[in-house]
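Below is one structure, written out as structure tokens, with a few remarks after it.
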Amino acid sequence: MKTLLLAESHPPTLEHLTGLLAQAGYTVRAVSDPVSALEHFAADNPDVVVLGVDLPRLEGGHVGQLIRNHKQGARVPIVAIDKGHLGKAKGVQSVLGLKVNAYIQDPLKPGELVPKLDELVKAAAAQAPTKGIEAMLDRPAMTAGDLKGHPLPELVHLLYRQRKDGVLVVAYRELTRRVFFARGGAVNYDSTARQDALPSFLLERKIATEAQAEIVLQALASGLRIGAALADAGVEAAGEELLEILRTYTRDRLAQVVGMREGRFAFYAGDEFQQEVATVEIPSLAPVLEGARRAIPLKVLAGPLRRHLGEYPVRSPEFSKDLPALGLDTDDLKIAMQINGRLLLRDLLAHGRGDLRRGYSLLWFLRLTGGVTFSATPVAAEGAAFAAVPDVIAPRKRKAIPPELGATLREGAVKIITSSYFHSLGLDIAADMEAVERAYHETAMKFHPDNFAEYDLSDLMDLLDSVQEKLSASYRVLSVEEKRKAYLQYLLSKLEVGGRVNAINVDAEILIRRGESYLRKKDYRMALQLFEEAVALNPREPEYYSYLAWATYHSALGTVKDRAKEAQKVLKRALSLNASLERAQIISAIIDNELEDATSARKKLLKVLELNPNSKLAKAALRKVGR
């Protein structure tokens, strides 16, 4: 059966088409939003895609355009469906920029959609790749699913046991990561995100300068091998030194993938990729432990161990066999040597070597990989003549916490407890789900008592517990789209953000914040798209037009005068909604000044200062006019 991705935002249409296409012989992946559509496309690699023309935009673009820009996007047929059955068809002109293979005005009209899909799928199958990575991804996935619940540690362990060859594809929003496996171990990694790429890793590790990293990036994009790309950039790394860099990079990025819990994954079996990518060997299971320590909350790691707390853990025969694959460091080996079958798990965790998080994560890891078993009674050493007796570990003696550290923790804890959910995690309202996930884990670990296990925290424990409760509450709300929007609606209305004069539209506010971030990066074209979407969502909000005007002035086509004229039209709309709108008047003055009309600019700024003598923005603009 052919796999079909159906993305349609109208629930009745989505439900009806799902049944119709399933009856026609397709395995249907039905989604209602562009984020899920992109994730399903990247991970599940469908044979054909059906997209509603009126799907919400994602980062300013239609999901159809994002799919076409994807590595797999060129080969997959895309059919755009309109709303003719509802009397709301937008027409074929609405899909001219999407590079679709077909347009169906009324997807429920008998004899139109299914025959067109069958025709396109048949034509695409005739042109299917016969070798390499493309051929692997053209086959059905061996396994696929959602990343919620941390399924990847178990999957990586399974691949190791079965000595599988293949590629693991992980998709989150418009980001796609791929990990290549040979004989059960990761041997290569790539990503569509610039920050994940090898040049960024070289920059992080101070192996290359920013200029060198940019040269490496361009060289790799042109098809050069990594050794040649590094040589072009003047980075001295070859032979064993280069291999060690690639091993560390692959291990680090797989650990990052293991900790993900947003998006989708799929594993495609096969070894054809080995002709296309360079391979290195790393300890096959080590990234599982590293990824768990980076991103999986302590309570998740502790869950499977809770029922064994009154039992005696002992290293299994598998531990010695898997030791090279486990990749344990010296501290972990010291803890592992204490797992002798004569110490209760609760005592080992509380008083053994290493802090609580290290102990829990290692025992969780060894349990997952079969390196440890549990006994209800003490286990005798091999060859011992007598029954085993329990060992005892003396409780650790804790030091007094340094005054400076204590003061820092108190100050940081109070800020978190008294802040909004966004500020408690150090986030802006435009932060996406991946940023929420990352911020929660980083902040929770930073203030977790386990990080200070050597100190007596009795005076701070209640405060640190309150921090964890606040962070957990923040994460529970911000990691669920519906709860996040409801909270934002409450928060923005309470704060009366930006002096908005109309009912606040949460989606529009998020777009404005994202647009502002692009303005700071001087990416005016992207900012313009986001501001246009915000205005479309809330056309009665005058403040939005101020942002739109500024982006229009900097990104529109034509001469400076032409751009200024277009921007002033937008500002006129803002001022028609609110004649005393400060930001619009100041932007209008700045544009006048840049067009060498200082008199008009000064007049507008003085008018602003009459109404608000404390306006810093107007004062700064006036100083510039006076030069």
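We did not get these values from a lab; they are worked out from the coordinates using the rules stated. Everything numeric here is computed off the predicted structure, so don't read it as measured data. FYI the Cβ positions are ideal-geometry reconstructions off the backbone, even for glycines, and counts take in every protein chain you see.
Descriptive notes on the structure:
- Neighbour counts of other Cβ atoms within 10 Å put Val436, Val480, Val288 in the fewest-to-most order Val480, Val436, Val288.
- Nearest-ten-degree value, helix 506-520 long axis tilted from longest Cα axis of the chain: 90
- Over all pairs of different C-alpha atoms in the range 399-495, the reciprocal of the mean inverse distance, the Kirkwood hydrodynamic radius, equals 14.2 Å.
- Helix 356-369 and the longest principal axis of the Cα set of the chain meet at an angle near 80°.
- Computed log₁₀ I(q)/I(0) - Debye formula, equal Cα scatterers, no solvent, the chain, q 0.07, 0.09 Å⁻¹: -0.60, -0.96
- Exposure proxy order (Cβ contacts within 10 Å, fewest to most) of Tyr189, Tyr544, Tyr518: Tyr518, Tyr189, Tyr544
- Highest average packing first - 483-489, 233-239, Cβ atoms within 10 Å: 483-489, 233-239
- Sorting the segments 361-371, 208-218 by their residues' average number of neighbouring beta-carbon atoms within 10 angstrom, most packed first, yields 361-371, 208-218.
- Here the alpha carbons of the range 297-375 define both size measures, Rg and Dmax, at 11.2, 30 Å.
- Whole-number D in µm² s⁻¹ for the range 96-196, Kirkwood Cα-pair radius fed into Stokes-Einstein, 10 °C, 1.306 mPa s: 94
- Relative to the 2.2 N^0.38 Å rule of thumb, the range 498-625 has a C-alpha radius of gyration ratio of 1.01.
- Relative contact order (%) - criterion: Cα under 8 Å, at least six apart; region: the range 498-625: 17
- Put the Cα centre of the range 554-599 next to the Cα centre of the range 37-65 and the gap is 36 Å.
- Sequence-distant lysines (8 or more away, or on other chains) whose Cα lies within less than 27 Å of Lys399: Lys299, Lys334, Lys415, Lys446
- Computed log₁₀ I(q)/I(0) - Debye formula, equal Cα scatterers, no solvent, the range 439-546, q 0.13, 0.24 Å⁻¹: -0.66, -1.22
- Cα centroid separation - the range 295-334 against the range 92-159, whole Å: 40
- Which of Lys2, Lys131 has the fewest Cβ neighbours within 10 Å, and the rest in rising order: Lys131, Lys2
- Straightening the chain between Ala407 and Val114 buys 98.8 nm, computed as 0.36 nm per residue apart minus the Cα-Cα spacing.
- The chain, relative contact order [Cα under 8 Å, separation at least 6], %: 8
- Per-peptide average of other Cβ atoms within 10 Å, ordering 250-258, 423-431 highest first: 250-258, 423-431
- Net charge of the neighbourhood of Glu566, taken over other residues with C-beta under 13 Å away and scored Lys/Arg +1, Asp/Glu -1, is +4.
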